[in-house]
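The values are calculated or read from the model by the stated rules, or taken from the named source; none is laboratory data. Keep in mind the model is a prediction, meaning the values are calculated, not measured. Neighbour counts are summed over all protein chains in view; Cβ atoms, including those assigned to glycine, are modelled from backbone coordinates with ideal geometry. Protein only, heavy atoms only, side chains kept; ligands, DNA and RNA dropped before computing areas. Shrake-Rupley method; radii C 1.70, N 1.55, O 1.52, S 1.80 Å.
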Amino acid sequence: GIACSQFVAHKLHDRYNISLKVIYNGIPKNEYNITSAGEAIPIAKQLNLDVTKKIFIFIGSLIYRKDPITIIKAFLNSKRIDDCHLLLIGDGPLMAECKDLCRDHMDKVTFFGNQPETLKFLKAANYYVASSLSEGLPTSVMEAMGCGLPVILSDIDPHKELLNHLNGWPYTFAVSRPDILTEKIDDILDDDYKNLSI
């Protein structure tokens, strides 16, 4: 059998004593590449986004396991919120709760619902945030990294597996901790963007 990550392979081995080979999820390298400002600005304008703001993005179902509530709470508590905008791509049973949290900040958060393709949103964004409680190996995080977006990720094993080669990537946070995520958002905005993107 095949598993999509070392984490999944170890879990299934521990639980069912099954030995699996790992074949990682992948992304097309020629499509997901670092986006220049010259390329990003027209895309952002086409999406009616304020190009003077730093754009954070989340892509995924609005469900408990993906925990978009933590992202929204953290973003709204950032001391840099006036410099930023949050995009949420996806839909699900938590949509009403997510929108309710943002009711006084709809100028800072945009819900795009489900989209047939997300590459243009990644190319318009500056940072990617994922707060999942569990994953196999998240394609959306790989796509964001492929586009050169610095990522802020919950510290679950599949996220750590994607960050292994980055040697001590400082932008992870404990699951369901919007307070820590807020600190990471504020910190990443003060870091060297070009360095992080590479």
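Descriptive notes on the structure:
- Applying a DSSP loop filter and a limit of 13 other Cβ atoms within 10 Å to the trypsin sites (Lys or Arg not before Pro) in region 43-150 leaves Lys79, Arg103.
- Accessible surface of region 1-53 [probe 1.4 Å, protein heavy atoms]: carbon and sulfur percent: 53
- Å² per residue, accessible surface of region 79-198 at 1.4 Å: 44
- Portion, in percent, of the accessible area of region 92-198 that falls on carbon or sulfur, probe 1.4 Å: 47
- Prolate/oblate/rounded label for region 1-63 (Cα gyration tensor, a/c 1.5): prolate
- The GluC sites (Glu not before Pro) of region 66-137 meeting both criteria, a DSSP state outside H, G, I, E and B (loop) and at most 15 other C-beta atoms within 10 angstrom of the site's C-beta, are Glu117.
- Cα gyration tensor category, rounded, prolate or oblate, for region 24-91 with a/c compared to 1.5: oblate
- With R₀ set to 30 Å, the beta-carbon distance separating Lys120 from Asp82 gives a calculated FRET efficiency near 0.75.
- Calculated FRET efficiency, Tyr64 to Asn17, Cβ-Cβ distance, R0 = 25 Å: about 0.25 to the nearest 0.05.
- Taking Kirkwood radius over Cα pairs in Å as calculated from this structure, the corresponding entry among (1) 17.3; (2) 18.8; (3) 18.0 is (1).
- For Leu20, the solvent-accessible surface with a 1.4 Å probe is about 40 Å², rounded to the nearest 10.
- Annotation: lysines with alpha-carbon distance below 22 angstrom to Lys184 (same-chain offsets under eight excluded): Lys53, Lys54, Lys66, Lys73, Lys79, Lys108, Lys123, Lys160, Lys194.
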